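The values are calculated or read from the model by the stated rules, or taken from the named source; none is laboratory data. Computed from a predicted model, the values in this text were never measured in an experiment. Positions of Cβ are generated from backbone atoms using ideal geometry, with glycine treated the same way; all protein chains shown enter the neighbour counts. Note: areas computed on protein heavy atoms with side chains; ligands, DNA, RNA excluded. Shrake-Rupley method; radii C 1.70, N 1.55, O 1.52, S 1.80 Å.
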Amino acid sequence: MGLEMSYNHLLKLMFILISFDVQAGPPAPALGQPLAGGRAQSALSVVFPDGRGLPPGSGSVEAGRGLYAARCATCHGVAGRGGPGGELAGGRSDLTAEQPDQTIGTYWPYATTLFDFIRRAMPMDAPWSLADDEVYALTAYLLHINGVVEADATLDAAALAAVRMPNREGFVGIEAHPSAP
């Protein structure tokens, strides 16, 4: 009786599998939206530590100050100090503490990759929405409030690639990397 029951179940399973349209496969997930225009190509552009990949354009600390107030302060606080998105400036330079401050000025090794991160990921609700000049301006402002560049600084590709971050040497093996300037 048990063997006969198993045989009937096996026949039913085979019938179901044969009648199933294997060619169609499972339905594709409905995730995201197709990228419009040049978005796919721009997403492939990468800025390297040595500045390769930086686009044309420029931005000043002063222009960045206004953009920051309008687009960033809600998440990162006034002058990068606080807010739900995390602190960007004002950290202690000692990274050996149990809970070190990983702000831009104390932790970030390259100013060029800061530019790349801002362009790709910020603002969080609208990544890739900033023009290159706006990203240069925000980068200049953030570097200024971290004491890395002067208040009258204007950054372009050459100036940004020349910025030496305070904790550049705090990363093991970074100078041995082929793209490190």
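A few remarks follow.
- Accessible-area value, ARG52, 1.4 Å probe, nucleic acids and ligands omitted, Å²: 120
- The phi torsions of segment 67-72, fed into the Karplus equation with coefficients 6.51, -1.76 and 1.60 and a -60° offset, translate into couplings of 4, 4, 4, 7, 10, 10 Hz, rounded to whole numbers, with Gly and Pro shown as x.
- Assigned charges on the beta-carbon of Lys, Arg, Asp, Glu; segment 82-136 dipole about Cα centre (debye): 80
- By accessible area with a 1.4 Å probe, ligands and nucleic acids excluded, highest first: order of HIS144, HIS76: HIS144, HIS76
- The largest accessible area among THR74, THR154 belongs to the first residue in THR74, THR154, and the rest follow in falling order (1.4 Å probe, all chains).
- Measuring with a 1.4 angstrom probe and ignoring ligands and nucleic acids, ARG65 comes out at about 90 Å² accessible.
- Within the accessible area of segment 90-163 (1.4 Å probe), percent carbon and sulfur: 51
- The phi torsions of segment 142-155, fed into the Karplus equation with coefficients 6.51, -1.76 and 1.60 and a -60° offset, translate into couplings of 5, 5, 5, 5, 9, x, 8, 10, 6, 5, 9, 6, 10, 10 Hz, rounded to whole numbers, with Gly and Pro shown as x.
- Accessible surface, 1.4 Å probe, highest first, among residues MET165, MET122: MET122, MET165
- Accessible-area value, GLU62, 1.4 Å probe, nucleic acids and ligands omitted, Å²: 110
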